[in-house]
Amino acid sequence: MAAYFGVREVARGKPGETFVISGAAGGVGSMAVQLAKLQGLRVVAIAGSPAKTEWLLREAGVDVAIDYHREDVGKRLAEICPDGIDIFFDNDGGSILDLALERLRAGGRVVLCGATSRYGARPPPPGPTNYLQLVMVNGRMEGLLARDYLPRVSEAAAELLPLLRSGRVKSKEDVLVGLRNAPAGLARLYTGANVGKQLLRMDETPGH
Ligand SMILES: NC(=O)c1ccc[n+]([C@@H]2O[C@H](COP(=O)([O-])OP(=O)(O)OC[C@H]3O[C@@H](n4cnc5c(N)ncnc54)[C@H](OP(=O)(O)O)[C@@H]3O)[C@@H](O)[C@H]2O)c1
């Protein structure tokens, strides 16, 4: 739902625009990149491992994938988006948000979905240093809260389910089994171990 409404209602992209996203191979990101492609956007996906960038390129069909642990994101964005970024969909916050702001073009939009890199940091790290770029490009930075769209879940489901059933959109899931693995599953979100949506299936074996 965060991906669907973030792409449709907050980003409001037009075909041909450049859509850059952090956390691109996670639960929200893996869906958002595919929905953005269906809208005719040029998608640049930022994620944290070769397995993730490979999935994004081969399965999700993004145009460019950047491994931010192994590549210089600022340099790559300058090469890939010489005319700037129309939309930045932010799942991770931190330094990548600043790099995207730096390259935002006229009328650019930043969708604030999450900031995984900042959760739990004490003291809280400072906010984005490049926020004044929004002034220079007459840009917009807007928060997205999926639960605000709960009354419209059936609208999203009616569009997404046929796409998923037909395989035009793939649901990437990373499933752990057993309640005892719940803490480890949560930790995977912060080490980047998950590829796709991290799920936990209750083990039906007695005693687990
Ligand atoms: N606004 C809403 O309504 C809403 C709804 C759902 C989720 N969210 C937010 O959206 C974001 C994505 O959620 P999700 O459930 O789909 O999680 P996710 O992207 O599946 O998992 C988290 C990912 O964050 C990345 N990460 C972890 N530590 C990081 C760090 N220090 N710096 C940069 N990246 C880091 C890792 O990917 P890499 O290996 O690629 O770095 C990890 O796989 C989260 O921030 C979540 O809180 C918001």
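Using the alpha-carbon atoms, what tilt in degrees (0 to 90, nearest 10) does helix 182-191 show relative to the longest principal axis of the chain?
20 degrees
Accessible area per residue for the chain in Å², computed with a 1.4 Å probe and the full protein assembly in place, what is it?
Each residue of the chain exposes 52 Å² on average to a 1.4 Å probe.
Roughly speaking, to the nearest percent, how much of the stretch 1-122's 1.4 Å accessible area is carbon and sulfur?
Carbon plus sulfur share of accessible area: 48 percent.
So what is the calculated 222 nm ellipticity per residue for the chain, using -39500 (n - 2.57) for each DSSP H run with n of 4 or more, over all residues, to the nearest 500 deg cm²/dmol?
-9000 deg cm²/dmol
How much accessible surface does ARG12 have with a 1.4 Å probe, in Å² rounded to 10?
Here the accessible area works out near 120 Å².
Quick one: angle between helix 153-166 and the longest Cα principal axis of the chain, in degrees between 0 and 90, rounded to 10, please.
80 degrees
All other residues with a Cβ under 10 Å from the Cβ of GLN34 taken together, and with Lys, Arg as +1 and Asp, Glu as -1, what is their net charge?
With Lys, Arg at +1 and Asp, Glu at -1, the neighbours total +3.
Rounded, prolate or oblate for the chain? Axes are the square roots of the Cα gyration tensor eigenvalues, ordered a ≥ b ≥ c, and the cut-off for rounded is a/c under 1.5.
prolate
Given 10 Å bins starting at zero, what is the percent of C-alpha pairs of the stretch 114-169 in each, up to the one with the largest pair distance?
Bin by bin from 0 Å, the calculated values are 16, 25, 29, 25, 5.
Counting Lys and Arg as +1 and Asp and Glu as -1, what is the net charge of the other residues whose Cβ lies under 14 Å from the Cβ of ALA51?
Value of the local net charge: +1.
From the square roots a ≥ b ≥ c of the eigenvalues of the alpha-carbon gyration tensor of the stretch 24-143, which class results: rounded (a/c under 1.5), prolate (a/b over b/c), or oblate?
It is oblate, given that a/c is not under 1.5 and a/b is not larger than b/c.
About the Cα centre of the chain, how large is the charge dipole given +1 on each Lys and Arg Cβ and -1 on each Asp and Glu Cβ? Please answer in debye to the nearest 20.
220 debye
Determine the sum of side-chain charges near ARG152: Lys and Arg each +1, Asp and Glu each -1, restricted to other residues whose C-beta is under 14 angstrom from that of ARG152.
Net charge around ARG152: -2.
Can you give me the relative contact order of the stretch 101-156 as a percent, contacts being Cα pairs under 8 Å and 6 or more apart?
About 51 percent, as a whole number.
The values are calculated or read from the model by the stated rules, or taken from the named source; none is laboratory data. Here the structure is a predicted model, which is why all the values come from computation and not from measurement. Using ideal geometry, Cβ is built from the backbone for each residue, glycine included, and neighbour counts are taken over all protein chains shown. Each accessible area value is taken on the protein alone, full model and side chains, heavy atoms only, with ligands, DNA and RNA left out. Shrake-Rupley method; radii C 1.70, N 1.55, O 1.52, S 1.80 Å.
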